[in-house]
Each structure stands twice: as C-alpha cells, then as structure tokens.
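Next up is a structure, given as structure tokens.
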Amino acid sequence: MNDSENKASELLDEARVAALSKGSSTAAMPYAEKAISLGLPKEKELEARGMLASGFREIAGNSGLSPDQMEVSTEFSRAIEEFEKAANLDREGSFNHYSDPLQRASLRYMDFMCLMRAGRIRETEGRQAAISFLQDKVAAYDYLP
C-alpha cells in the first residue's frame with residue numbers, strides 16, 4: 001500500500017468508529033468521502049460507498065419532507081447513486097459483499113427508494129418509463145445468487 005492508500009484506509013477506520021459511536025451513518029460520511037478521494041482498494045471503496053449510501057438515505061429519510069419532496073432531493077438521488085456504485089464494485093471485483101445475508105438486507109432501502117422513484121416516473125413519464133427504470137435497477141444486481 002502506498003501512503004495515499006494508507007491514509008485512505010485510516011480514514012475508513014475513522015468512518016467506522018464515527019458511525020458506531022454516533023449511531024448514524026451520517027457521522028461517517030466526511031471520512032468515507034475523503035477516503036474515496038484519496039484512493040481506496042476496491043473492496044474498501046465498496047464499504048465506503050455503502051456508508052455514503054446509508055448516510056444519504058438517512059438524511060433524506062429524516063428530512064421531514066413529504067415523500068414527493070424527498071424523492072426529488074439531492075440526498076435521495078445520491079443514496080441511489082452510491083448504492084449502484086457499491087454494487088458495481090461488488091460485481092466487478094467478485095467480492096460477494098451483497099451475497100452475505102446481512103449486507104443483502106441493507107439493499108431493502110434501495111428497493112424502497114427505487115419504488116418511490118418509479119412511482120414518480122410513472123406519473124410524469126408513463127408506465128413504460130417506470131418499468132424501464134425498475135428493469136435497469138434490477139439488472140444492476142442480477143449477479144447476486
């Protein structure tokens with residue numbers, strides 16, 4: 001590991017501690033973002049992106065916004081993006097992260113968010129666009145057993 005990767009790994013450790021000590025993924029977000037920017041090994045980046053996805057989901061879910069407002073929020077969109085990035089890393093690296101039952105359970109939030117987004121798409125763009133959106137999201141996880 002080079003110095004940058006060492007510092008990134010230390011920041012990921014700090015992210016874990018922050019999340020555990022504060023009982024919230026949002027506390028881990030600044031550390032996870034910095035660790036990613038410094039360059040983590042792919043398996044650790046997957047973990048950091050999962051932290052970001054959870055943190056953005058928490059922010060959106062606890063925002064007090066109506067479901068319609070929440071669904072169009074930046075944090076809601078970032079949560080979906082980070083879940084997708086984590087899944088791509090898992091697939092490309094054959095890490096089997098989301099094959100673990102505990103990690104697989106975290107994807108239920110992705111399901112909820114995609115269903116909310118698909119509902120808006122159905123209302124604004126039509127049924128076929130919503131179906132296409134959901135098919136695209138399901139395909140991102142088709143590598144899982």
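Please determine whether any residue of region 94-101 is modelled with pLDDT of 95 or more, surrounded by fewer than 15 Cβ atoms within 10 Å (Cβ to Cβ) and aromatic (F, W, Y).
no
Which of the residues that make up region 5-39 are touching a Ser or Thr at 6+ places or on another chain (Cβ under 6 Å) and farther than 14 Å from F56 by Cα?
L38, G39
Consider only pairs whose beta carbons are under 6 Å apart and that are at least six residues apart or on different chains; among these, list those whose first residue lies in region 88-102 and is of a type in the set (F, W, Y) and whose second residue is modelled with pLDDT of 95 or more and surrounded by fewer than 17 Cβ atoms within 10 Å (Cβ to Cβ).
As it stands, the answer is F95/E43, since those pairs meet every condition given.
Further, regarding this structure: Name the single residue that is farthest from F112 (Cα to Cα) among those in region 59-69 being surrounded by fewer than 18 Cβ atoms within 10 Å (Cβ to Cβ) and touching a residue at least 12 places away in the same chain (Cβ under 8 Å).
Filtering region 59-69 for residues that are surrounded by fewer than 18 Cβ atoms within 10 Å (Cβ to Cβ) and touching a residue at least 12 places away in the same chain (Cβ under 8 Å), the one farthest from F112 (Cα to Cα) comes out as S63.
Another question, if that's okay. Any idea which of (1) surrounded by fewer than 17 Cβ atoms within 10 Å (Cβ to Cβ); (2) within 20 Å of M70 (Cα to Cα); (3) not acidic (D, E) is the one A118 doesn't satisfy?
Failed condition: (1).
Further question: Based on what the data block shows, is L40 over 16 Å from the mean Cα position of the chain (by Cα) and aliphatic (A, V, I, L, M)?
It is true that L40 is over 16 Å from the mean Cα position of the chain (by Cα) and aliphatic (A, V, I, L, M).
Kindly indicate whether L52 is under 24 Å from A87 (Cβ atoms), aliphatic (A, V, I, L, M) and modelled with pLDDT of 95 or more.
yes
I've got another one for you. Could you list all residues from region 17-46 that are among the charged types (D, E, K, R), surrounded by fewer than 20 Cβ atoms within 10 Å (Cβ to Cβ) and within 26 Å of S73 (Cα to Cα)?
Answer for region 17-46, where residues must be among the charged types (D, E, K, R), surrounded by fewer than 20 Cβ atoms within 10 Å (Cβ to Cβ) and within 26 Å of S73 (Cα to Cα): K22, E33, K34.
Which condition number does D136 fail, the rest of (1) of a type outside the set (S, T, N, Q); (2) touching a helix residue (DSSP H, G or I) at 6+ places or on another chain (Cβ under 9 Å); (3) within 17 Å of S77 (Cβ to Cβ) being met?
Failing condition for D136: (2).
Right, next: For F112, work out the one condition from (1) under 16 Å from the mean Cα position of the chain (by Cα); (2) modelled with pLDDT under 95 it doesn't fulfil.
Unmet condition: (2).
Hand me the list of helices (runs of 4 or more DSSP H) wholly inside region 1-78 holding 1 or more residues that are more than 27 Å from E123 (Cα to Cα).
In region 1-78, 3-22, 29-38, 42-61 are the helices (runs of 4 or more DSSP H) which contain 1 or more residues that are more than 27 Å from E123 (Cα to Cα).
The values are calculated or read from the model by the stated rules, or taken from the named source; none is laboratory data. Computed from a predicted structure; not experimentally measured. Don't worry about glycine lacking a Cβ; one is built from the backbone with ideal geometry, like all the others, and counts go over all protein chains shown.
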